[in-house]
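Take a look at the structure below.
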Amino acid sequence: MINKGVKNADEAIRDIADNSVLMLGGFGLCGIPENCIAAILRSGVKGLTCISNNAGVDDFGIGLMLKTRQVKKMISSYVGENAEFERQLLSGELEVELIPQGTLAERIRAGGSGIPAFFTPAGVGTEVAEGKETREFEGNMYLMETWLKADFSLVKAWRGDTSGNLIYRGTARNFNPMMASAGRITIAEVEELVPVGELDPNAIHTPGIYVHRIFQGSNYEKRIEQRTVRK
Amino acid sequence: MLDKIGIAKRIAQEVQDGMYINLGIGIPTLVANYIPKNMNVVLQSENGLLGIGPFPTEENIDPDLINAGKQTITMMPGSALFNSAESFAMIRSGKVDLTILGAMEVSEYGDIANWKVPGKMVKGMGGAMDLVASAKNIIVAMQHCSKEGASKLLKKCTLPLTGLRCVKRIVSDLAVLDVLPHGGFRLLQRAPGVTVDEIKNATEGRLIIDGEIPEMVII
């Protein structure tokens, strides 16, 4: 099996250049590539376009990369939880493109599947449809959306092996599998990296073919946004 | 007049045995607390879970298990986990039987606006546009009027739309109404203590009143 293991996040992201297009997995702060984000902060790379469902919070996740002004543009479905984000947006420092969540997921899936465009009902008759081709199928209207691809996809999984096979845990899976398939270079960080042969092939969520570099992350904080308990 | 809990309790009466349901953030999330215990339903969370369970105890909080509102949750026995593309595949293909969500405005044709107020910070539509474009049955939980007393049940929405002609039923603090296929809000029930005249005054869009309108029963 091909060994894709690298030492750490710094080595994994070494060739991310200014103005790259990144995909970052996660929903809210659940399933985000914490170690890669920390390494990007250290690298000082700038002008990034980040495709991610959300933009983190002020002091965690992509929010940290906003604070250091490393992000030029966000492509997301929901960006509510971040005061610095709002400030940069209103002052014009940050560009934002908002996309319906299912369309975002499918555009990334399409990018990783070799499908340049597809038709979806989401957004028909709304401002999301402006400038897009619409077409009728079986009496209903749909609009055309195109694929999304990235220079680098940064994904987080629970377990992985050195050939890049990945298993996610709980709802931390979210956007990670599609992003893994849509990156020109896909970097996976995992909580536990095991030798080839230790993962059950029946249980693999992302086959290693999509992953170019993999490392075992450290010090996962896994911050909770809305800590809610039973009364 | 119904408070938030009252609206959630009334919407829970719409739930039927065997349904797959997606609950939006806010009042819709509360509906889960009032679904009759003898009913078997499965709650879908668009971030990748079928089978949302109750909130966890302090001891079994798991940061890898959250709902679409980013709250910590548990899973019911028999749950299934999947990625976001698959989540919206089941939504788009009509597998989810019922979608319950909030709204800022609904038009008499069932257009819904709930994601953007011009001049205010735009947070994004999240999964709302995908949900309203595809769900077979959409029930909206909303306040009938704004704090200033302006009707939110309109001839035509004034805010940017989330979806066209998609809302089937509205449960507001004042009434239960159906949106008719050819336009108009048909009044089905009054909230406790609310008169038909009060509902008329609070509804800008075309209101259709057929015969006696019963008061809803909330237990």
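The values are calculated or read from the model by the stated rules, or taken from the named source; none is laboratory data. All values derive from a computational prediction rather than experimental measurement. A quick note on method: Cβ atoms are made from the backbone with ideal geometry, for glycine too, and the neighbour counts reach across all protein chains shown. For accessibility, only protein heavy atoms count, side chains too; no ligands or nucleic acids. Shrake-Rupley method; radii C 1.70, N 1.55, O 1.52, S 1.80 Å.
Among residues of segment A:162-173 that are facing another protein chain (nearest Cβ under 7 Å), those with a beta-carbon under 9 Å from a residue that is assigned to a loop (DSSP other than H, G, I, E, B) and β-branched (Val, Ile, Thr) at least six positions away or on a different chain give the pairs A:Thr171/B:Ile73; A:Ala172/A:Ile32. Can you name the residue in segment A:207-231 that is without any contact (Cβ under 8 Å) to a residue 60 or more places away in the chain and assigned to a strand (DSSP E or B) and, of all such residues, is nearest to A:Asn8 (Cα to Cα)? The qualifying residue nearest to A:Asn8 (Cα to Cα) is A:Gln216.
Please indicate, with yes or no, whether at least one residue in segment B:83-96 is buried (at least 23 other Cβ atoms within 10 Å of the Cβ) and in contact with a strand residue (DSSP E or B) (Cβ under 6 Å, 6 or more places away or on another chain). The answer is yes, given that some residue of segment B:83-96 is buried (at least 23 other Cβ atoms within 10 Å of the Cβ) and in contact with a strand residue (DSSP E or B) (Cβ under 6 Å, 6 or more places away or on another chain). Of the residues making up segment A:79-94, at least one is surrounded by 23 or more Cβ atoms within 10 Å (Cβ to Cβ) and either within 26 Å of A:Tyr210 (Cα to Cα) or touching a Lys or Arg at 6+ places or on another chain (Cβ under 9 Å) (or both). Within segment A:178-218, being within 14 Å of chain B (Cβ to nearest Cβ) and out of contact with any strand residue (DSSP E or B) (no Cβ under 7 Å at 6 or more places or on another chain) holds for A:Met178, A:Ser181, A:Pro207. Candidates are the residues of segment B:53-78 that are at the interface with chain A (Cβ under 10 Å from one of its Cβ atoms) and in a strand (DSSP E or B); the one that is nearest to A:Phe27 (Cα to Cα) is B:Ile66.
Mind listing whichever residues of segment A:103-152 are among the acidic types (Asp, Glu) and either more than 10 Å from every other protein chain (Cβ to nearest Cβ) or touching a strand residue (DSSP E or B) at 6+ places or on another chain (Cβ under 6 Å) (or both)?
Listed by number, the residues that qualify are A:Glu130, A:Glu133, A:Glu136, A:Glu138, A:Glu145, A:Asp151.
Looking at A:Lys72, A:Lys46, A:Lys132, just one residue is of a type in the set (Lys, Arg) and touching a Gly at 6+ places or on another chain (Cβ under 7 Å), and that residue is A:Lys72.
Among the residues of segment A:66-97, the ones that are outside any helix (DSSP H, G or I), over 21 Å from A:Arg223 (Cβ atoms) and free of Cβ contacts under 8 Å to residues at least 24 places away in the same chain come to 4 in all. Residues in segment B:31-55 that are open to solvent by 20 Å² or more (accessible area, probe 1.4 Å), touching a residue at least 24 places away in the same chain (Cβ under 8 Å) and over 13 Å from B:Asn67 (Cα atoms): B:Asn33, B:Tyr34, B:Pro36, B:Met39, B:Val41, B:Val42.
Scanning segment B:19-40 for residues that are under 20 Å from B:Leu81 (Cβ atoms) and in contact with a helix residue (DSSP H, G or I) (Cβ under 9 Å, 6 or more places away or on another chain) yields B:Tyr20, B:Ile21, B:Asn22, B:Leu23, B:Thr29, B:Ala32.
Applying the set (1) open to solvent by 40 Å² or more (accessible area, probe 1.4 Å); (2) more than 20 Å from B:Ile5 (Cβ to Cβ); (3) part of a strand (DSSP E or B) to B:His182 leaves exactly one unmet item: (3). The set of residues in segment A:179-209 that are open to solvent by less than 10 Å² (accessible area, probe 1.4 Å) and closer than 25 Å to A:Ser20 by Cα comprises A:Met179, A:Ala180, A:Ala182, A:Thr186, A:Ile187, A:Ala188, A:Glu189, A:Val190, A:Thr206, A:Gly208.
In the set B:Val117, B:Val140, only one residue is more than 10 Å from chain A (Cβ to nearest Cβ), surrounded by fewer than 21 Cβ atoms within 10 Å (Cβ to Cβ) and of a type in the set (Val, Ile, Thr); that residue is B:Val117.
Taking segment A:142-160 only, how many residues are under 19 Å from A:Asn219 (Cα atoms) and surrounded by 24 or more Cβ atoms within 10 Å (Cβ to Cβ)?
The total comes to 5.
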